[in-house]
């Protein structure tokens, strides 16, 4: 985790609409009030604002499907490379934002051989949105920057997401992931399902099941398994996002995909997600 803090901040985000003081992403459903002293400096990765007089920086990054536990763990770890080293200062504290909640933590570190201070926030929306906001600057100027940073992070809120954009966001989040389901279909039958969604648009889908069969001589356990493959995508249908699987044998299956409290559900069944898959 220590090498993910700012690496993840550099994941591509979509262009946003900016007004005099407000940075709003209608596509990803969040908004942050930016102080007038900060100007947009980069939007070809995470979105960066910089304050030339004070050397302050604001970094905003979209994180769909972020949950509170992940947000807290994420903020409690630091980052280090050849130019920058950042560590949390104290424990992450829970906060409430518009249409969501999250955590804030103070940070300190070194950037280009200069001491820095800052604050980092991980925020989770009530409709599956997520974002990371980091504000930091030179330690010598932090006393002046701190109140500004507090105001900006406190202004974070979530807004309605454009549904078509959310389907694209789902695709980016799921690409390279494994979705797994473990559960009981009936009292005597259990199913294990692993769906590997490759970044190149292909998938492998393995379903195995076991069942207890009663006979005159006693009970026996039967087991079966099948692995199929094909092409996958996420589509928007009248505001509803659907995970579509187009199997090589000509079948197609789809299910409503959604995030509830940071957990992924497909047609109402809870699937866990991990970055371990069988993609080549």
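Values quoted throughout were computed directly from the atomic coordinates according to the rules given, and no laboratory measurement underlies them. The structure displayed is predicted, hence computed values, not measured ones. Methodologically, a virtual Cβ is constructed for each residue, glycine included, from the backbone with ideal geometry; neighbour enumeration extends over all protein chains shown.
Quote to one decimal, in nm, the extra length available between residue 269 and residue 52 on full extension: 0.36 nm per residue of separation minus the C-alpha distance between them.
Values: separation 217, 0.36 × 217 = 78.12 nm, distance 4.96 nm.
Answer, rounded to one decimal: 73.2 nm.
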- Point-to-point label distance, residue 189-residue 94, nm (Cα→Cβ direction, 7 Å offset): 4.1
- Rg/Rh of the stretch 25-73 (Cα atoms, Kirkwood Rh), to two decimals, equals 1.03
- Any idea how far apart residue 248 and residue 182 come out in nm if each label point goes 7 Å out from Cα toward Cβ? 2.9
